[in-house]
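Structure first, commentary second.
Taken together, the values in this text are just the output of simple stated rules run on the coordinates, not laboratory data. Fair warning: this is a prediction, and the values are worked out from it, not measured in the lab. Positions of Cβ are backbone-derived with ideal geometry, glycine not excepted, and every protein chain shown enters the neighbour counts.
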Amino acid sequence: MLATPVASSYDAASTKTGWKMTVTHTSAFSHRATKLPDEFDTDTLAEVRADLAGNGVSTPDGDDQSELAAIVADARAHGIDLSIVVMHGNPGHDSELRDLATEVAGFQHGTVAVFSDDWIGTTSDSISRVRLEWAEDTAKFKGGDSEEAAQILVHRLAQTPTVSWTEITSVLLAGLVLVIGGLYWVKARRRDDTTAADTAPAPDAPAPAEDSEVPSGFAEEAVREPASR
């Protein structure tokens, strides 16, 4: 269980979320670089790690973990090595939850799911990103009911996919190769036709017709005629 939050004038977010936050120049820079939710720093991540080592669940101080712990245990019994992290409120952007899940995955193997009031961030070393996001879709926007959201997420992850994304990807790649090959073949045919047209010999000039020649007798008479005058 995480420590009781400490309210301060510079960190109103800790009162809202229930997380303790120690602000330092180093941690503030780290937040901007990794885009974690503002209330998570080195100290809170250490507390998350300690919590997850117990029952696979980490929540703000005062939250009942029993139902979430049961969901985690059931998921693990069905082959999903799940760990759950819960925060109160929502971060500035939903992508921060996925960044937090990735950070937690650095010390917690398996599938990590981070829940805020309305969003979910996940990462896994055994489940594809496509399947994770498919499972997230119907588990979002539960108004802070992390137990309901977690149950929906696990139920979706436990379902056998009706479509193999590997097969779909293979088919799409094969189709792309065929299209590229067809375009190359068409271009090659056009290039060969153009080359053949350029190298073809020009047709011979037609020979003069025989009846166009002046008869030799008429020519001789024409030559002799002036002499007779």
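Matching residues to (1) without any contact (Cβ under 8 Å) to a residue 60 or more places away in the chain; (2) farther than 20 Å from Leu68 by Cβ; (3) of a type in the set (D, E, K, R):
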| position | (1), (2), (3) |
| --- | --- |
| Val86 | no, no, no |
| Phe107 | yes, no, no |
| Thr123 | yes, no, no |
| Ser126 | yes, yes, no |
| Trp134 | yes, yes, no |
| Thr138 | yes, no, no |
| Phe141 | yes, no, no |
| Gly144 | yes, no, no |
| Thr169 | yes, yes, no |
Taking only region 50-79 into account, find how many residues are farther than 13 Å from Val112 by Cβ and assigned to a loop (DSSP other than H, G, I, E, B). 9
In region 135-157, anything surrounded by 16 or more Cβ atoms within 10 Å (Cβ to Cβ) and in a helix (DSSP H, G or I) is listed as Ala135, Glu136, Ser146, Glu147, Ala149, Ala150, Gln151, Ile152, Leu153, Val154, Arg156, Leu157
